[in-house]
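Worksheet for the structure shown next.
The values are calculated or read from the model by the stated rules, or taken from the named source; none is laboratory data. All of these numbers come straight from a predicted model, not from anything done at the bench. We place every Cβ from the backbone using ideal geometry, glycine too, and count neighbours over all the protein chains shown. Each accessible area value is taken on the protein alone, full model and side chains, heavy atoms only, with ligands, DNA and RNA left out. Shrake-Rupley method; radii C 1.70, N 1.55, O 1.52, S 1.80 Å.
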Amino acid sequence: MRDEMMPRTAVEDLIAGMSLDEKIGQLNLLPAGEGLVTGASQPTSLSKRLDAGQVGAIFGTKSLASARAMQERALAGSRLGIPLFFAEDVIHGHRTVFPLNIALACSWDMRLIERTAAFAAAEAAAEGLHQVYGPMIDISRDPRWGRVAEGPGEDALLASRIAAAATRGFQGAGHGAAGRVAACLKHFVAYGAPQSGRDYDNVSMSAEDLLETYLPPFAAGIAAGAASVMVAFNAVNKLPMHANGPLIEGWLRGQQGFDGLVVSDYTGVKELVAHGMGPAPVAVARALHAGVDMDMVGEDYLRELPALVRDGLDAPDAGFSLSAQRLSALVDRACRRVLTFKQRLGLLDDPFRGLGGTPRAPSRSSGRKLARKAAAQSAVLLKNDGLLPLAPGTKVALIGPFATDRANMLGTWAVSGRAEDVVPLDKAIAALTSHAPATAWGANVVDEPWLEQRLNVHGTTVTRDRRSKARQLAEAVALAHSADVIVAAVGEAKEHAGESSSRLTPDLPASQRRLIAALARTGKPLVVVVFAGRPLAIGEVAAQADALLYAWHGGVGGPEGVADLIFGAAEPSGRLAVSLPRHPGEAPLTYACDTTGRPGNDRFTKFLTGWLDLPDDLPTFPFGFGLGYSDISYAAPRLSRDAVRADETVELRITIQNAGTRPAVETVQLYASDPIARVTRPGRKLIDFKQCSLAPGQRRTVTFQISSDQFRYPVAPTLETAEWVRDPGLIRLHVGPNCRDTQMKELTWLT
Ligand code: NOJ
């Protein structure tokens, strides 16, 4: 529904009676004050603004009582009784913290993702929240970028399905549904592709990549009905997103038909000044003109818009001018969108909607159960030389800085989570097996005191064993000798990943690598469990371990999920949603890169696309990869026809069998490549996947319906002139358990 088609009554009546200041007040989005400060500016006093009717919405209220109190104050301060709405960063769970989004993505299970979002929505709604700043759907192919943790991984199709599933989970049947919240897709757009992986840095990319890789998750979220969108901090192709009219008003609203609310990111409007887009009045006019409806934290709309609407803007030095009349119309446009958002949430009919304490939050025990299941489904088994699962009676030496850790398991952006809700790995193993493992520290989370200090500025979770490294290691090795099996719990701190936490070298700290090498030398069977917020280069460790489980930061049920997997109470089914680098220097990295004229391979060969100094014996863990405890065999794929017209569909069928003795969940992945096209194309691109469970011995046939639309690609001299084309001719289909280990079928599309 477009602006001009909106129900006129309540919103238009309100607008007709509002003063300019009242309208501008609606565009002001402020923090409650106790939340995370994620920018340079400190918020101003909230109560002063509420009393003056100068706030449209608040984020980070933290309790139902404080939200109610703020609503009462806002209503008293508003001549027309316009209510606030309340928002929060609900990224991977609310009070019940689920695995990081990058971990949930590795489940490839859309029902699970929808359920976790719905659970988080129910908890958030019970606290009086109307909107959440999620799902975060930034594709990222750079393990250096700290916010990989929050996102859906590297692939456009997987991320698009996740965007839709999470949006459905948050919003339920529609805007304003009881016990649900409005979703906010973020960060629009290409925030996950900053130069050198540095957070907030700018992005230069082809319009083709933007259209084919970074925009589709937003299109999918909008198609699923997402009520709002948050704009990204970065510039895309020289135009900061907070001033990017072609992408916001053009692509998002114009081409996708999005008619919801667009909010800035934290002080994002103000930051246009630092971007070099002009002084504050120009920055404000640009942002409003580009389609940013609400200004988060910076209050620049509040400060600058009255004079702008009075006098208009003529800034030849910035190459930007707008008449007073146009600016007034833009204020009306933004205000109309804010009020329409409130109307859709039911707040114009009942300002205390959602603030009455019903429906109540779902039971925490059901949340814990879901969190534990989600953690087990999100961990990816990368290697298993027949060691796992362990028998419950196995004498385990649990070694490493995460053996007894709670706080880091929550991961980044868990603003309402509590470390005490986490059952740490030692206790999880003890509860599952009735044997408490002997534990030792062995190595630190960070090696460098200066880095420890820097991380602790952002939190308090990086604790350090102050004994000498030699003593820590000696104790760990002695303990290892006394056990049947070593479980090494290693990884990153939660502050290592997340906002403003980019890393030059995405690998394990040196002391943890030394620990693993020393443990491997004991000759005892070695299970390595990696708790991390990003894909780390762990090739070396993989070579030393007998079994390797990539468990991410798994939330309140994280360690229990790991214990379930290690002891076979759950079956590993996670598949990588992001490629693991072999070496930190490989970043950025994706399976789906365009083919070059000199395709590389894993071996050292000169004059091919590759690296001279990449050791050739490091194992690769490609996108889509993951093991289970059973063997799944793939029969040869069959196509219903091998030549079809563009308006027909074709079926690819493949029979898989669980040849092992344990139940399994298999994710069958279908990729395509287009060997002859108008522009360079990815060597492989995921076009569909299906997940199915298989009892021991069971055989199932998986069918993919394929249409020529799946092979459309953009040819885009510019974003505005982009054309999605579909060429006749040869397509190669690759089907298998991951992007590398596939079987190929050729298909010809006839004209
Ligand atoms: C900055 C982050 O980029 C964004 O994701 C978050 O929603 C806001 N801060 C509000 O906390």
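Any residue at all in segment 715-729 that's over 22 Å from Thr213 (Cα atoms), of a type outside the set (Lys, Arg) and surrounded by fewer than 18 Cβ atoms within 10 Å (Cβ to Cβ)?
Yes: one or more hits.
Conditions first: (1) more than 32 Å from the chain's Cα centre (by Cα); (2) in contact (Cβ under 8 Å) with a residue 40 or more places away in the chain. Asp293 passes all but one, so which condition is the exception?
Going through the list (1) more than 32 Å from the chain's Cα centre (by Cα); (2) in contact (Cβ under 8 Å) with a residue 40 or more places away in the chain, Asp293 breaks only (1).
Checking Met241 against (1) within 16 Å of the ligand (Cβ to nearest atom); (2) touching a residue at least 60 places away in the same chain (Cβ under 8 Å); (3) closer than 22 Å to Arg147 by Cβ: exactly one of these is not met. Which one?
Evaluating Met241 over (1) within 16 Å of the ligand (Cβ to nearest atom); (2) touching a residue at least 60 places away in the same chain (Cβ under 8 Å); (3) closer than 22 Å to Arg147 by Cβ leaves (2) as the failure.
Among the residues of segment 609-619, are any over 26 Å from Asn384 (Cα atoms), of a type in the set (D, E, K, R) and either assigned to a loop (DSSP other than H, G, I, E, B) or modelled with pLDDT under 95 (or both)? Talk me through it step by step, then tell me what you get.
To start, the set of residues in segment 609-619 that are over 26 Å from Asn384 (Cα atoms) comprises 609-613.
Now drop any that are not of a type in the set (D, E, K, R), which leaves 613.
Still in the running and either assigned to a loop (DSSP other than H, G, I, E, B) or modelled with pLDDT under 95 (or both): 613.
Scanning segment 609-619 turns up at least one residue that is over 26 Å from Asn384 (Cα atoms), of a type in the set (D, E, K, R) and either assigned to a loop (DSSP other than H, G, I, E, B) or modelled with pLDDT under 95 (or both).
From the list Asp259, Asp201, pick out the single residue that is in a loop (DSSP other than H, G, I, E, B) and closer than 15 Å to Ser140 by Cα. Steps first, answer last, please.
Values: Asp259 fails: closer than 15 Å to Ser140 by Cα.
Result: Asp201 is the single residue among Asp259, Asp201 that is in a loop (DSSP other than H, G, I, E, B) and closer than 15 Å to Ser140 by Cα.
Mind telling me which of the residues Gly568, Gly597, Gly498 ends up being touching a helix residue (DSSP H, G or I) at 6+ places or on another chain (Cβ under 9 Å) and part of a loop (DSSP other than H, G, I, E, B)? Walk me through it before giving the result.
Numbers: Gly568 fails: touching a helix residue (DSSP H, G or I) at 6+ places or on another chain (Cβ under 9 Å); Gly597 fails: touching a helix residue (DSSP H, G or I) at 6+ places or on another chain (Cβ under 9 Å).
Going through Gly568, Gly597, Gly498 in turn, the sole match is Gly498.
I'd like to verify a number: residues in segment 190-215 that are open to solvent by less than 10 Å² (accessible area, probe 1.4 Å) and either among the small types (Gly, Ala, Ser) or in contact with a helix residue (DSSP H, G or I) (Cβ under 6 Å, 6 or more places away or on another chain) (or both), how many?
3
Kindly list the number of the only condition in (1) within 16 Å of the ligand (Cβ to nearest atom); (2) farther than 29 Å from Gly197 by Cα; (3) open to solvent by 40 Å² or more (accessible area, probe 1.4 Å) that fails for Ala223.
In the conditions (1) within 16 Å of the ligand (Cβ to nearest atom); (2) farther than 29 Å from Gly197 by Cα; (3) open to solvent by 40 Å² or more (accessible area, probe 1.4 Å), Ala223 misses (1) alone.
Would you kindly identify the helices (runs of 4 or more DSSP H) lying entirely within segment 62-136 that contain at least 3 residues that are open to solvent by 30 Å² or more (accessible area, probe 1.4 Å), over 26 Å from Gly225 (Cβ atoms) and away from the ligand (no atom under 16 Å from the Cβ)?
Once the helices (runs of 4 or more DSSP H) in segment 62-136 are filtered for at least 3 residues that are open to solvent by 30 Å² or more (accessible area, probe 1.4 Å), over 26 Å from Gly225 (Cβ atoms) and away from the ligand (no atom under 16 Å from the Cβ), what remains is 64-77.
Going by what's in this entry, would Glu492 be described as on the phi < 0 side of the Ramachandran plot and open to solvent by less than 30 Å² (accessible area, probe 1.4 Å)?
On the way: on the phi < 0 side of the Ramachandran plot: yes; open to solvent by less than 30 Å² (accessible area, probe 1.4 Å): yes.
Judged against the criteria, Glu492 is a match.
For segment 631-655: of the residues being touching a Ser or Thr at 6+ places or on another chain (Cβ under 7 Å) and assigned to a loop (DSSP other than H, G, I, E, B), which is farthest from Leu549 (Cα to Cα)?
Looking at residues that are touching a Ser or Thr at 6+ places or on another chain (Cβ under 7 Å) and assigned to a loop (DSSP other than H, G, I, E, B), I get Ala646.
Looking only at segment 42-61, how many residues end up being within 16 Å of the ligand (Cβ to nearest atom) and open to solvent by less than 30 Å² (accessible area, probe 1.4 Å)?
Number satisfying all stated conditions: 8.
Output the residues belonging to segment 175-192 that are within 13 Å of the ligand (Cβ to nearest atom) and not in a loop (DSSP other than H, G, I, E, B). Spell out how you get there, then give the answer.
Pass one, segment 175-192, residues within 13 Å of the ligand (Cβ to nearest atom): 183-188, 191-192.
Result: Cys184, Leu185, Lys186, His187, Phe188.
Of all residues in segment 59-117, count the ones that are within 20 Å of Leu129 (Cβ to Cβ) and in contact with a His (Cβ under 8 Å, 6 or more places away or on another chain).
Selection size over segment 59-117: 7.
Can you tell me how many residues within segment 259-288 are open to solvent by 10 Å² or more (accessible area, probe 1.4 Å) and of a type in the set (A, V, I, L, M, F, W, C)? Full working, then the answer.
Of all residues in segment 259-288, those open to solvent by 10 Å² or more (accessible area, probe 1.4 Å) come to 259, 265, 270-271, 273-281, 286.
Okay, now just the ones that are also of a type in the set (A, V, I, L, M, F, W, C), so 273-274, 277, 280.
Residues in segment 259-288 being open to solvent by 10 Å² or more (accessible area, probe 1.4 Å) and of a type in the set (A, V, I, L, M, F, W, C): 4 in total.
Please go through segment 397-422 and pick out each residue that is touching a Pro at 6+ places or on another chain (Cβ under 6 Å) and open to solvent by 40 Å² or more (accessible area, probe 1.4 Å).
Thr404, Arg406
So the check is Cβ under 6 Å with 6+ separation or different chains; which pairs have a first residue in segment 143-159 that's among the aromatic types (Phe, Trp, Tyr) and within 14 Å of the ligand (Cβ to nearest atom) and a second one that's part of a loop (DSSP other than H, G, I, E, B) and open to solvent by 10 Å² or more (accessible area, probe 1.4 Å)?
Pairs that qualify, where the first residue is among the aromatic types (Phe, Trp, Tyr) and within 14 Å of the ligand (Cβ to nearest atom) and the partner is part of a loop (DSSP other than H, G, I, E, B) and open to solvent by 10 Å² or more (accessible area, probe 1.4 Å), are Trp145/Ser502.
Considering each residue of segment 207-251, count those that are over 16 Å from the mean Cα position of the chain (by Cα), outside any helix (DSSP H, G or I) and closer than 22 Å to Cys593 by Cβ, and give that number.
Of the residues in that region, 3 qualify.
Write out, first by first residue and then by second, each pair whose Cβ atoms fall under 7 Å of each other, whose residues are 6+ apart or on separate chains, and whose first residue, in segment 110-123, is closer than 14 Å to Arg368 by Cβ while the second is among the hydroxyl-bearing types (Ser, Thr, Tyr) and open to solvent by less than 10 Å² (accessible area, probe 1.4 Å).
Hits for this filter: Phe119/Thr96; Glu123/Thr96.
Based on this model, can you work out whether Gly291 counts as away from the ligand (no atom under 16 Å from the Cβ), open to solvent by less than 10 Å² (accessible area, probe 1.4 Å), at pLDDT 95 or above and in contact with a strand residue (DSSP E or B) (Cβ under 7 Å, 6 or more places away or on another chain)? Break it down into steps so the answer makes sense when it comes.
Details: away from the ligand (no atom under 16 Å from the Cβ): yes; open to solvent by less than 10 Å² (accessible area, probe 1.4 Å): yes; at pLDDT 95 or above: yes; in contact with a strand residue (DSSP E or B) (Cβ under 7 Å, 6 or more places away or on another chain): yes.
In short, yes.
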